[in-house]
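The block underneath contains the structure these notes are about, expressed in C-alpha cells.
The values are calculated or read from the model by the stated rules, or taken from the named source; none is laboratory data. Being a predicted model, the structure only gives us computed values, none of them experimental. As a convention, Cβ positions derive from the backbone with ideal geometry for all residues, glycine included, and neighbour counts pool all protein chains shown. With ligands, DNA and RNA removed, areas are computed over all heavy atoms of the protein, side chains included. Shrake-Rupley method; radii C 1.70, N 1.55, O 1.52, S 1.80 Å.
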Protein chains: 2
Amino acid sequence: MTLSYQQLYTFTHAVFTAIGCSNEHATTATKALLSADIRGIDSHGVARLSGYVRLWEAKRINANPDIRVVYETPSTAVVDGDSGLGLVIAPYAMQVAIDKAAQCGTGWVSVRNTNHFGIAGYHAMMALNHDMIGMAMTNASALVAPTFSIERMLGTNPIAVAIPANKQPPFVADFATTTAANGKLEILQRKNADTPEGWVQDAEGNTSTDANILKKAGALLPLGSDREHGSHKGYALGSIVDIFSAVLSGASYGPWAPPFPAYVPMPQNMPGKGLGHFFGAMRVDAFRPANEFKMHMDNWIQRFRSATPAPGHERVLIPGDPEREMEAIRMQEGIPLVDSVVSDLQQVAEKLAVIWPKD
Amino acid sequence: MTLSYQQLYTFTHAVFTAIGCSNEHATTATKALLSADIRGIDSHGVARLSGYVRLWEAKRINANPDIRVVYETPSTAVVDGDSGLGLVIAPYAMQVAIDKAAQCGTGWVSVRNTNHFGIAGYHAMMALNHDMIGMAMTNASALVAPTFSIERMLGTNPIAVAIPANKQPPFVADFATTTAANGKLEILQRKNADTPEGWVQDAEGNTSTDANILKKAGALLPLGSDREHGSHKGYALGSIVDIFSAVLSGASYGPWAPPFPAYVPMPQNMPGKGLGHFFGAMRVDAFRPANEFKMHMDNWIQRFRSATPAPGHERVLIPGDPEREMEAIRMQEGIPLVDSVVSDLQQVAEKLAVIWPKD
C-alpha cells in the first residue's frame, strides 16, 4: 500500500505519543524517522518503528529522558541521552554543535547513553540552514568483521556530511562504512535473492552470497570487501566512527554496542552506557566569507555534474542527488510500504490502540 | 642499496638546503618526507624528492615562503602557504590546529596555496603527544574518476586519523580514498605486473588490469571499485577531502588541483591558489578525562587485536600496526632503495652539488 507523508506522520506521531513521549519529543522523533522513508532509505524509516517499540517494551528505551550536556568546552560537549530515543537525542546534540559553532567557529558533540538515531544524513543536514557544514555518525550493533577476522566487532557505523551551496542543492553524503548496508541484505532476503560477491562472509570467513548469512554467524564486510580492494580502509573508517561516538563519550564500543533487536541479550561487561553518536558543525564563514564559499560549491557541483559519463550512464551524480529526487517524488506520490512492513505496523497499531490510516 | 636513516637524513637535508630552504625549513621538510620511508610507504618518501626539486625548478615551489594565518576564529584558521613545500606548510598548520585545541577544545585549519605534504599520517600524529586526536587530509592531482564517469576529477585524497592510547601504541589510520593508492601502481609497473581487477579503468570506463593505464587516459577507482561494491562511498569521501581542503581554504579543487609532475602543464582557469590541506586536533580531555579515555583506548585496541582471526591469518591488525613495525625494523636495519630511486637521487645530488652517501 501507499500512504501520504501526512498519513504516515500522524500515525507515527501517535505511536510515539502512545509509548509515553511528550508531544515535542514525538514530533522530533517522527520527523527524524520519516526523513528516511521520504528520502528512499526504506530500511531506516517506519520499517523500524516496531523495533523501537519493542526496545521500549524491553525497557531499553526511556520515553521521557532527561537529555543533558554533562561536560563542555567552548567547541565541544558530551551529551548523556538518558537511554532515550536516538531520534530525539541526536537533534538535541546536533543543535548543541550548531550553537557552539555559532560562538567559536565549530562545535563537536559526542553522545553516550543513546539509541539508534535513524539516518545520519537528517542530523547532518540540520547545519545547512545555518550556512554550516554538518557531520553525523553513530556506532551500532556489531555485524561487521574487521579485515582478517571472522568475529563481528563493529556496526555498519555510518558517516554523513552535509555541505551547503548557493543556487545548487547541497552536497549530502550519507553512507555505511561497509560495502553494503544491512538494509540492502533485508531487501534481498524479501526477494529470496543472493548478494553480489564481496558483501558478506560466512562463519569461517569464506566469501558468501547468502543474504541470510548474518543469521548463520556470518558477517558484513567493511567497505572495500577484501584486503586487496582496501577493506582495511573500511575497517579503519568504521573504527574511527566507533571511537569518536563511543570511546570519546563513554558509550559502549565495538562488540559491546547494544543490539537493536530487543530479543538479542545485552552484551556482558559493557564498558560504557548505551550507543554513541558524534556530531560536528563548522561555520563556513569561520574559513572564508559564506557567499564566496557557496559560490565555489556551486562551481564544484556543476563541474562534477558535468564530468564525462561512462558509456551506458547518462550523468554523474553528486552525493545527495538520488535521495533529493526521491523526496520530490514521494512528497507528491506518497510512500510505498511493502506488505511485511504494513502488517508489522498494523500490529503496532493494535497493541498501542493507535488508529491505522485507511489507504 | 640500503642507507641508514641518518645517511638519508643528511642527504635530504642537504638537498632542501641546496634549493634555498632555511635550516629550519629543511629540517622540518626532511623529517616529514622521511617519515614515509621509515614507515614503509616508499612511494611518498625520497622516491619523490626529485619531483619536489623539479617543481622548484619550474618555479611552482617557493623555497622561502611566508607562511601565515590569513583568517581565524577561536577554533578555526585558514593558512596561506605562499607556494611553499607542503612538507613545511603542513606541520605549521597542524601546530596552529593544536594550539587552537589547547585553547578551546578543538582546532581546524584549512590551507591554500600549498604543495604535496608527504604522508598524511605524519601530520596527524603530531597531535598524539598533546593527548589530542589528530586529523590530516589533502587534495591532489586528479587521477580518480567518480562513479559512472570516465573523467579524472579527484586526487587519491588521503585521510589520516591518529588517536592516542595509554600503554598500547596509538591508533593511526592513513589511507587514500581510492581502492589502491597510486604508489601501488608504481610498484607493479616496476615489476611489469598486472593490477587486480577493481583498481583502475581504461579511457572508456572498462575494467582494466593494466598498471600503466593512467598513461593511457585511464583512471584510478574510488574505494569500493564499482557501484555494486560502494564506489559511490569512496567518491563521496574523496570529494569531502577535496572540499574541506580546497573549497574551504580557497585552493584549487577537483580537476583544477595542480599536478605533481612538473612537466604536466597547470590547468586553465584555476579557481583557487595551489593545493589544499585540512587539519584537525581535538583534545581528548575536551570530552572526558584524558587518562580515562586512554585507558578505554587500550581496552578497545586489545579487544580488537584479540578478535578471532580468519583461517590462514595469524592475527587481526590495528590501523598503524604495520607501519610501526616497519619503523622499528628500518631504524635498525636501514632503508632499502630500489635502483631507479638511487639513480634518480644521484642525479639530484649531481645537479645540486650535494654529496651522495657511500653504501
Scan the stretch B:58-78 and tell me whether some residue there is in contact with a Lys or Arg (Cβ under 9 Å, 6 or more places away or on another chain) and in a helix (DSSP H, G or I). no
A:Ile329 meets each of (1) more than 24 Å from B:Met270 (Cβ to Cβ); (2) β-branched (Val, Ile, Thr); (3) surrounded by 14 or more Cβ atoms within 10 Å (Cβ to Cβ) with one exception, condition (3)
Search result, residues across the stretch A:132-170 that are under 19 Å from the mean Cα position of the chain (by Cα) and at the interface with another protein chain (Cβ under 7 Å from one of its Cβ atoms): A:Met153, A:Val161, A:Ile163
How do the pairs read when you match residues in the stretch A:94-117 that are without any contact (Cβ under 8 Å) to a residue 60 or more places away in the chain with residues anywhere that are in a helix (DSSP H, G or I), using Cβ under 7 Å and keeping only pairs 6 or more apart or on different chains? A:Cys104/B:Cys104
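When the stretch A:1-20 is examined, which residues are found to be in a helix (DSSP H, G or I) and either crowded, with 23+ Cβ neighbours inside 10 Å or in contact (Cβ under 8 Å) with a residue 40 or more places away in the chain (or both)? Give the steps one after another, and end with the answer.
Of all residues in the stretch A:1-20, those in a helix (DSSP H, G or I) come to A:5-18.
Hits for the stretch A:1-20 are A:Tyr5, A:Gln7, A:Leu8, A:Thr10, A:Phe11, A:Thr12, A:Ala14, A:Val15, A:Phe16, A:Ala18.
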For B:Val247, all conditions in the list (1) at the interface with chain A (Cβ under 7 Å from one of its Cβ atoms); (2) within 23 Å of A:Ser225 (Cα to Cα) hold save one; what is the number of the exception? (2)
Filter the stretch B:261-304 down to the residues that are out of contact with any helix residue (DSSP H, G or I) (no Cβ under 8 Å at 6 or more places or on another chain), among the β-branched types (Val, Ile, Thr) and crowded, with 18+ Cβ neighbours inside 10 Å and list them by number. B:Ile301
Using beta carbons and a limit of 8 Å, which pairs, at least six apart or on different chains, have the first residue in the stretch A:38-50 and in contact (Cβ under 8 Å) with a residue 60 or more places away in the chain and part of a loop (DSSP other than H, G, I, E, B) and the second one open to solvent by 40 Å² or more (accessible area, probe 1.4 Å) and among the aliphatic types (A, V, I, L, M)? A:Arg39/A:Met326; A:Gly40/A:Met326
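Can you report the number of residues in the stretch A:64-78 which are within 17 Å of A:Pro258 (Cβ to Cβ) and among the aliphatic types (A, V, I, L, M)?
Within the stretch A:64-78, the first condition is being within 17 Å of A:Pro258 (Cβ to Cβ), and the residues that meet it are A:65.
Okay, now just the ones that are also among the aliphatic types (A, V, I, L, M), so none.
Total satisfying the criteria: 0.
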Criterion violated by A:Gly280 - all others in (1) outside any helix (DSSP H, G or I); (2) free of Cβ contacts under 8 Å to residues at least 40 places away in the same chain satisfied: (2)
Find the residue count for the stretch B:127-159, including only residues that are open to solvent by 10 Å² or more (accessible area, probe 1.4 Å) and either part of a loop (DSSP other than H, G, I, E, B) or aromatic (Phe, Trp, Tyr) (or both). 12
When you check B:Glu186 against the structure, is it open to solvent by 10 Å² or more (accessible area, probe 1.4 Å) and within 11 Å of chain A (Cβ to nearest Cβ), yes or no? no
Considering the stretch B:339-352, residues that are touching a helix residue (DSSP H, G or I) at 6+ places or on another chain (Cβ under 7 Å) and either of a type in the set (A, V, I, L, M, F, W, C) or within 30 Å of A:Gly234 (Cβ to Cβ) (or both), and then whichever is nearest to the other protein chains (Cβ to nearest Cβ), we arrive at B:Val341
Out of all the residues in the stretch B:92-99, is one or more within 9 Å of another protein chain (Cβ to nearest Cβ), in a helix (DSSP H, G or I) and either modelled with pLDDT under 95 or surrounded by fewer than 24 Cβ atoms within 10 Å (Cβ to Cβ) (or both)? no
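Residues that are touching a Leu at 6+ places or on another chain (Cβ under 6 Å) and among the hydroxyl-bearing types (Ser, Thr, Tyr): does the stretch B:156-177 have at least one?
Kept after step one, since they are touching a Leu at 6+ places or on another chain (Cβ under 6 Å), are these residues of the stretch B:156-177: B:162, B:164, B:170, B:177.
Then keep just the ones that are among the hydroxyl-bearing types (Ser, Thr, Tyr); that gives B:177.
There is at least one residue in the stretch B:156-177 that is touching a Leu at 6+ places or on another chain (Cβ under 6 Å) and among the hydroxyl-bearing types (Ser, Thr, Tyr).
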A careful count of residues in the stretch B:191-236 that are within 7 Å of chain A (Cβ to nearest Cβ) and either open to solvent by 10 Å² or more (accessible area, probe 1.4 Å) or outside any helix (DSSP H, G or I) (or both) gives 11
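Determine, yes or no, whether A:Met331 is out of contact with any Lys or Arg (no Cβ under 9 Å at 6 or more places or on another chain), within 12 Å of chain B (Cβ to nearest Cβ) and among the hydrophobic types (A, V, I, L, M, F, W, C).
Working: out of contact with any Lys or Arg (no Cβ under 9 Å at 6 or more places or on another chain): yes; within 12 Å of chain B (Cβ to nearest Cβ): no; among the hydrophobic types (A, V, I, L, M, F, W, C): yes.
When the stated conditions are applied, A:Met331 does not pass them.
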Quickly run through the stretch A:100-126 and pick out the residues that are within 14 Å of chain B (Cβ to nearest Cβ) and part of a loop (DSSP other than H, G, I, E, B). A:Gly105
Output the qualifying pairs, or none if there are none: Cβ atoms under 8 angstrom, residues six or more apart or on different chains, first residue in the stretch A:150-164 and of a type in the set (Asp, Glu), second residue at pLDDT 95 or above and part of a strand (DSSP E or B). A:Glu151/A:Ala219
Condition met for A:Tyr263 (at pLDDT below 95 and hydroxyl-bearing (Ser, Thr, Tyr)): yes
Only one of these is open to solvent by 80 Å² or more (accessible area, probe 1.4 Å), touching a helix residue (DSSP H, G or I) at 6+ places or on another chain (Cβ under 9 Å) and modelled with pLDDT of 95 or more: A:Ile355, A:Ile335. Name it. A:Ile355
Scanning the stretch B:291-306 for residues that are at the interface with another protein chain (Cβ under 7 Å from one of its Cβ atoms) and in contact with a Lys or Arg (Cβ under 9 Å, 6 or more places away or on another chain) gives B:His296
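Can you pull out every residue in the stretch A:160-182 that is of a type in the set (Gly, Ala, Ser) and in a loop (DSSP other than H, G, I, E, B)? Even if it seems obvious, please write down each step before you answer.
Residues of the stretch A:160-182 of a type in the set (Gly, Ala, Ser): A:160, A:162, A:165, A:173, A:176, A:180-181.
If the condition is that a residue be of a type in the set (Gly, Ala, Ser) and in a loop (DSSP other than H, G, I, E, B), then A:Ala165, A:Ala176, A:Ala180, A:Ala181 are the ones that fit.
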The number of residues in the stretch B:63-90 that are under 20 Å from the mean Cα position of the chain (by Cα) and open to solvent by 20 Å² or more (accessible area, probe 1.4 Å) is 3
Restrict the check to the stretch B:168-179 and report whether at least one residue is among the charged types (D, E, K, R), more than 21 Å from B:Met153 (Cα to Cα), buried (at least 24 other Cβ atoms within 10 Å of the Cβ) and out of contact with any Pro (no Cβ under 6 Å at 6 or more places or on another chain). yes
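Being over 30 Å from A:Arg305 (Cβ atoms), out of contact with any Leu (no Cβ under 9 Å at 6 or more places or on another chain) and at pLDDT below 95 is true for just one of A:Asn192, A:Asn206. Which residue is that?
Working: A:Asn206 fails: at pLDDT below 95.
One residue alone meets the criteria, A:Asn192.
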How many residues are open to solvent by 30 Å² or more (accessible area, probe 1.4 Å) and either farther than 22 Å from A:Met126 by Cα or among the acidic types (Asp, Glu) (or both) when one looks only at the stretch A:21-47? 3
